[in-house]
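Peer 1: Structure in structure tokens, see below.
The values are calculated or read from the model by the stated rules, or taken from the named source; none is laboratory data. These figures come from a predicted structure and were not determined experimentally. As a convention, Cβ positions derive from the backbone with ideal geometry for all residues, glycine included, and neighbour counts pool all protein chains shown.
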Amino acid sequence: MDNLEQYILDNTKPEEELMHRLERETYLRVINPRMISGHLQGKLLEMLVRMMRPKRVLEIGTFTGYSALSIARGLDDGAYIDTIEVDDELEEIAARFFAESAYGSRIRQHVGSALDVVPRLGECYDMVFIDGDKREYPAYYDMLMDGGYVHSGTMLLADNILWYGKVAEPTAHNDKHTEAIKEFNRRVVEDERVDNVIIPIRDGINLIRVK
């Protein structure tokens, strides 16, 4: 961590103890723990939720639950988040911390492919956080925009949209992740149904508003 990043964290409201324990357990027990949203991004999600005040939120990619808990913390009473994770081995960690949190009752946990689960839920969402399989980002976008799961004013936040800077370089042979993220970004910027801006926080968030 460089000095500037440490300064930013030192001058952001501190991480609550439960979230600190979740991050620590993720680094101890889970492969690729850097996939966790972490304190800075978690606080950003919470603040955006408090500003937008969505009633129904969808998260594609629960991982160990840090981002879902951050979103749930910002929700009004009566609002909820559907969070979907394809890896069933991560379900237990997330469920345990959801149960321990004062905001866990706002979270509805699902296991499976989002491309299968979202149509089964049949909801229309006010906010969507996309942080699932990067190779499926274009498919997630098409599903959400064409399937009736978003409406005018819905905010979509797509994480890891800069993909370690690889999006600005020629795509390596058979690099499906970078190729899919580039395609997602292209579809968004060319789609007249939305406005968007890419925020270069951590690995980048594409902030998208449905017109």
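Peer 1: Conditions: (1) in a helix (DSSP H, G or I); (2) at pLDDT below 95; (3) more than 30 Å from residue 21 (Cβ to Cβ). Residue 170 meets all but one. Number of the miss?
Peer 2: (1)
Peer 1: Just to check your reading of the model, which residue among 73, 96 is under 22 Å from residue 154 (Cβ atoms) and surrounded by 12 or more Cβ atoms within 10 Å (Cβ to Cβ)?
Peer 2: 73
Peer 1: Can you tell me which residue in the stretch 17-55 is surrounded by the most Cβ atoms within 10 Å (Cβ to Cβ), limited to those that are of a type in the set (A, V, I, L, M, F, W, C), farther than 23 Å from residue 92 by Cα and free of Cβ contacts under 8 Å to residues at least 60 places away in the same chain?
Peer 2: If we take residues in the stretch 17-55 being of a type in the set (A, V, I, L, M, F, W, C), farther than 23 Å from residue 92 by Cα and free of Cβ contacts under 8 Å to residues at least 60 places away in the same chain, then 47 is surrounded by the most Cβ atoms within 10 Å (Cβ to Cβ).
Peer 1: Still on this structure, I have one more. Taking the criterion of being in a strand (DSSP E or B), surrounded by 15 or more Cβ atoms within 10 Å (Cβ to Cβ) and of a type in the set (A, V, I, L, M), would at least one residue in the stretch 101-122 satisfy it?
Peer 2: Checking the stretch 101-122: at least one residue is in a strand (DSSP E or B), surrounded by 15 or more Cβ atoms within 10 Å (Cβ to Cβ) and of a type in the set (A, V, I, L, M).
Peer 1: Take the residues of the stretch 143-165 that are assigned to a helix (DSSP H, G or I), out of contact with any helix residue (DSSP H, G or I) (no Cβ under 8 Å at 6 or more places or on another chain) and not hydroxyl-bearing (Ser, Thr, Tyr): which is nearest to residue 127 (Cα to Cα)? Let's see the steps before the verdict.
Peer 2: Residues of the stretch 143-165 assigned to a helix (DSSP H, G or I): 143-146, 163-165.
Within this subset, residues satisfying the condition of being out of contact with any helix residue (DSSP H, G or I) (no Cβ under 8 Å at 6 or more places or on another chain) are 145-146, 164-165.
Going one step further and asking which of them are not hydroxyl-bearing (Ser, Thr, Tyr), we end up with 145-146, 165.
On the way: 145: 12, 146: 16, 165: 26 Å.
Among residues in the stretch 143-165 that are assigned to a helix (DSSP H, G or I), out of contact with any helix residue (DSSP H, G or I) (no Cβ under 8 Å at 6 or more places or on another chain) and not hydroxyl-bearing (Ser, Thr, Tyr), the one nearest to residue 127 (Cα to Cα) is 145.
Peer 1: Taking the conditions exactly as written (at pLDDT 95 or above and part of a strand (DSSP E or B)), does residue 185 satisfy them or not?
Peer 2: Judged against the criteria, residue 185 is not a match.
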